[in-house]
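Structure, as structure tokens:
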Amino acid sequence: MNVSLVSATGKDLVPISEMAQRIWQFHYVPIIGQQQVDYMLGQMYSGIAIQKQIEEGQKFYIIVYNNLSVGYMAISQIGTEEYMLHKFYIETEEQGRNIGQHAFAALLDRLPHSKKISLTVNRQNYKSINFYFKLGFKIESVADFDIGNGYYMNDFVMFLEF
């Protein structure tokens, strides 16, 4: 399968933001509602917000399938051999083609000395939870994160150890 990761640069901030808008509107509105989606997109996916996340240590990748940008990931190192997967999204129309599995494998190739990868996922995001289970992740804990404006992220903290 022709899936690769390309390190995101400044020119990718707008395309990442546009992908996030499309993906989140389709996927998250039924889970958390339009108002919280709008709030979170504003907080996390403006060009300025993405740039700030990069400056704080997140490494963004564009997921490329057959020479088309079909998703994005962001990861940061939180220990000598531990990473946090902050974002992992595939365009809705490209899901179900094993792109996510291949993209995750490509990410692991870039982290040869990793011992653990953690992530958070909304507890009602069953499709993503099942995808992470398929990759070998396990639930570590249940957590509610106050993200401001009266909103919370009601998540599972999941991890994969090698």
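In plain terms, the chain from residue 147 to residue 9 could stretch by 47.0 nm, reckoned as 0.36 nm per residue minus the Cα-Cα distance.
When shorter helices are ignored and each DSSP H run of at least 4 residues is given -39500 (n - 2.57), the per-residue value for the chain at 222 nm works out to -11000 deg cm²/dmol.
Would you order 142, 6 from fewest to most other beta-carbon atoms within 10 Å of each residue's own beta-carbon?
Details: 142 10, 6 13.
Listing 142, 6 from fewest to most nearby Cβ atoms yields 142, 6.
GNM remark for the chain: springs join alpha carbons under 10 Å apart, and the peak mean-square fluctuation among 61, 83, 152 falls on 152. Straight-distance candidates among the lysines for linking to residue 59, with alpha-carbon spacing under 20 Å and chain neighbours fewer than 8 residues away dropped: 11, 87, 115, 116. Tell me, how many Å apart are the Cα centres for region 125-162 and for region 92-106? After rounding, the separation between the Cα centres reads 19 Å.
Every read-out reported here was derived from the displayed coordinates using simple, explicitly stated rules and does not represent laboratory data. Model, not experiment: these values are computed from the prediction. Because the Cβ atoms are built from the backbone with ideal geometry, glycine has one as well, and the counts that use them run over all protein chains shown.
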